[in-house]
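Here's the structure, in structure tokens; my notes come after.
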Amino acid sequence: MVNATKGVFISCDIPMAQYIINMNASLPASDKFIIHILDNTHMFVQPHVEQMIRSRIAKFREDNTYVKPN
């Protein structure tokens, strides 16, 4: 019998994958969203967290972007 799980495939660089894994690890066991880590740059996550991951990555990039002062 085949077990199928609906999810979202994420492909990213290694540092961003580690950031997502760290986000997942900081949550309680009942809220963990990573279904399977395929390799260093690919993972499969639950579909309901896609927007949360996108918004946290956008905030992370915004917080860590250098803007030259005028």
Sequence-separation-based contact order of segment 8-63, relative, with Cα cut under 8 Å and 6+ spacing, percent: 39
Calculated FRET efficiency, residue 66 and residue 30, Cβ-Cβ r, R0 30 Å, to nearest 0.05? 0.20
To the nearest Å, what is the center-to-center distance of segment 46-70 and segment 1-36, using C-alpha atoms only? 17
Run the reach check for residue 68 against lysines, Cα to Cα strictly under 30 Å, same-chain hits fewer than 8 apart removed. What comes back? 59
Tell me, what is the FRET efficiency for residue 51 and residue 2 to the nearest 0.05, using R0 = 35 angstrom and their Cβ-Cβ distance as r? 0.75
Selection from 1, 67, 18 lying farthest towards where the dipole of the chain points positive, charges on Cβ: 67
Give me the percent of Cα-Cα pairs in the chain that sit more than 17 Å apart, rounded to a whole number. 47
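Read-outs: derived from the displayed coordinates by stated rules, not from any lab. Keep in mind the model is a prediction, meaning the values are calculated, not measured. In this analysis, Cβ positions are derived from the backbone assuming ideal geometry, glycine residues included, and neighbour counts consider all displayed protein chains.
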